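Participant: The structure's right below; bear with me while I get my questions together.
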Amino acid sequence: MSIIVDAGGLSCPQPVLLTLNKINELQKGEIQVLVDTDTSKENVSRAAESQGWKVTDIKSAGTGYQISLKKDPS
Amino acid sequence: MTKKFLATRWGIITVGAVIGILAPLLQKLGNPGNMGICVACFERDIAGAIGLHRAAVVQYMRPEIIGFVLGSLVAAYIFKEFRPRSGSAPIVRFILGIFAMIGALVFLGCPWRALLRLAGGDGNAIIGLLGLACGVWIGTLFLKNGYNLGRTHTTHTSTGWIMPLIMLGFLVLMLIFPQIDGENKSGILFYSTKGPGAMHAPLFISIVVGIVIGFGAQRSRFCTMGALRDLILFRQIHLLSGVIALVISAFVVNLILGQFNPGFAGQPVAHNMSIWNFAGMTLAGLAFALAGGCPGRQLFLAGEGDGDATIFVLGMIIGAAFAHNFGLASSPKGVGPHGIAAVVIGILVCLFIGFTMRNKTT
């Protein structure tokens with residue numbers, strides 16, 4: 001059961017801020033981020049990758065996207 | 001191909017560079033000095049064209065603005081990104097739009113024009129850009145402390161069409177009531193016969209350039225405020241690379257066209273009261289940061305269905321009316337009689353918004 005960050009309906013930069021907060025809190029593991037615009041999808045993916053996380057999957061969810069992020073223990 | 005390319009680092013650099021090339025060319029073709037494109041100034045001119053203010057030198061239905069929204073609409077539909085949405089504190093966005101415009105008109109330009117002024121040699125632009133960065137920095141402090149205006153909701157497709165339809169309506173008005181040489185009015189539309197409002201590139205060229213930029217900016221998410229915000233907040237330079245490309249290409253084109261004139265005094269449509277250039281843009285930058293986008297970005301968002309961005313744009317147009325009706329806007333002679341008071345009030349209003357509107361999303 002992975003952690004979900006619901007950033008649906010939030011505008012920039014909130015989705016990125018929420019995602020980075022969660023990344024800093026967990027350090028590793030899996031996070032699902034819900035966003036509803038393509039801009040947020042790109043921004044969240046870019047921010048997560050800059051922190052060394054991998055985008056493992058992006059699928060449509062409702063009117064937006066569910067982004068799966070993962071970082072293995074190092 | 002386009003879908004992927006324009007969202008990349010090279011994509012946004014390309015879009016920034018294209019804007020930097022087209023803007024000085026529009027100036028060469030008739031637009032005012034260092035104002036090939038200025039979203040704030042052009043929305044102000046639109047407010048004048050429909051008579052919301054009666055400043056006779058700044059009245060013209062700027063086709064570039066119409067093109068920005070329509071270009072973004074087309075891109076959003078082609079790439080299936082049109083998402084009708086609204087409901088994130090629209091009234092607050094309206095107020096932010098009003099004060100963003102008031103701040104921009106104290107400096108005399110939006111961030112795009114600040115960059116174009118810099119590329120044209122206007123040293124006052126440096127002061128304005130520092131003010132902009134200061135305002136955006138204050139905005140990031142609020143963002144870090146949980147500021148947000150709440151979630152949007154998906155809504156009717158036709159809600160997302162409101163801004164494109166307004167712009168189409170403006171275009172139709174312009175075609176029904178075209179400019180008449182030497183006349184300051186054609187039907188219901190006002191047209192400046194002198195001053196910046198009388199300086200414009202041919203309608204067809206302006207609208208085509210507007211559509212091209214609107215298309216590219218929607219794809220690449222070009223945003224001047226976002227460039228500074230992401231740099232300060234996340235140390236990311238993705239958006240900033242587009243902004244830098246804009247300045248460099250506009251500088252080169254200005255050199256080629258003989259439009260580069262370095263200095264502080266006597267710059268076109270500018271004043272050199274540094275404190276108020278700085279403070280005006282601080283207000284504007286803070287308002288943009290709290291609203292989530294620079295004036296250009298708000299137009300592109302409005303084109304892809306964002307009803308809240310539409311409200312912000314309408315706020316800016318109304319703000320321009322206040323700015324000229326109340327003597328808040330600057331002129332080449334300096335700040336307006338009540339410009340300083342308006343900047344102080346605007347910053348207080350933005351601080352009130354920033355301090356009181358926090359975390360209700362979780």
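Participant: Answer yes if at least one residue in the range B:212-234 is surrounded by fewer than 22 Cβ atoms within 10 Å (Cβ to Cβ), away from every other protein chain (no Cβ under 12 Å), over 30 Å from B:Pro164 (Cα atoms) and free of Cβ contacts under 8 Å to residues at least 12 places away in the same chain, and no otherwise.
Facilitator: Looking for residues that are surrounded by fewer than 22 Cβ atoms within 10 Å (Cβ to Cβ), away from every other protein chain (no Cβ under 12 Å), over 30 Å from B:Pro164 (Cα atoms) and free of Cβ contacts under 8 Å to residues at least 12 places away in the same chain, one finds none in the range B:212-234, hence no.
Participant: Within the range B:275-282, can one find any residue that is over 27 Å from B:Val92 (Cβ atoms) and assigned to a helix (DSSP H, G or I)? Explain how you work it out, then say what you get.
Facilitator: Here is the first cut: in the range B:275-282, the ones over 27 Å from B:Val92 (Cβ atoms) are B:275.
With assigned to a helix (DSSP H, G or I) added as a condition, the list becomes B:275.
Taking every residue of the range B:275-282 in turn, at least one turns out to be over 27 Å from B:Val92 (Cβ atoms) and assigned to a helix (DSSP H, G or I).
Participant: Right, next: Taking the condition surrounded by fewer than 24 Cβ atoms within 10 Å (Cβ to Cβ), closer than 25 Å to A:Leu10 by Cα and either in contact (Cβ under 8 Å) with a residue 24 or more places away in the chain or out of contact with any Pro (no Cβ under 7 Å at 6 or more places or on another chain) (or both), does B:Thr310 pass?
Facilitator: no
Participant: To continue, here is another question. Give the number of residues within the range A:7-34 that are surrounded by 16 or more Cβ atoms within 10 Å (Cβ to Cβ) and either within 11 Å of chain B (Cβ to nearest Cβ) or in contact with an Asp or Glu (Cβ under 7 Å, 6 or more places away or on another chain) (or both).
Facilitator: Qualifying residue count, the range A:7-34: 15.
Participant: Separate question: Which residues, taken from the range A:30-68, are more than 14 Å from B:Glu81 (Cα to Cα) and among the acidic types (Asp, Glu)?
Facilitator: Answer for the range A:30-68, where residues must be more than 14 Å from B:Glu81 (Cα to Cα) and among the acidic types (Asp, Glu): A:Glu30, A:Glu49, A:Asp57.
Participant: Which helices (runs of 4 or more DSSP H) sit wholly inside the range B:2-112 and have at least 2 residues that are more than 30 Å from A:Glu49 (Cβ to Cβ) and within 14 Å of chain A (Cβ to nearest Cβ)?
Facilitator: Where helices (runs of 4 or more DSSP H) fall fully within the range B:2-112 and carry at least 2 residues being more than 30 Å from A:Glu49 (Cβ to Cβ) and within 14 Å of chain A (Cβ to nearest Cβ), they are B:90-107.
Participant: For the range A:36-54, what are the residues that are away from chain B (no Cβ under 11 Å) and among the aliphatic types (A, V, I, L, M)?
Facilitator: A:Val44, A:Ala48
Participant: Follow-up. For the range B:268-292, name all the residues that are buried (at least 24 other Cβ atoms within 10 Å of the Cβ) and farther than 18 Å from B:Gly131 by Cβ.
Facilitator: Within the range B:268-292, just B:Gly292 meets the criteria.
Participant: Looking at B:Leu105, B:Leu132, which one is buried (at least 24 other Cβ atoms within 10 Å of the Cβ), farther than 21 Å from B:Gly51 by Cα and under 23 Å from the mean Cα position of the chain (by Cα)? Talk me through it step by step, then tell me what you get.
Facilitator: Working: B:Leu105 fails: farther than 21 Å from B:Gly51 by Cα.
Residue meeting the stated conditions: B:Leu132.
Taken together, the values in this text are just the output of simple stated rules run on the coordinates, not laboratory data. Quantities reported herein were computed from a predicted structural model and do not represent experimental measurements. Cβ atoms come from the backbone with ideal geometry, glycine included; neighbour counts cover every protein chain shown.
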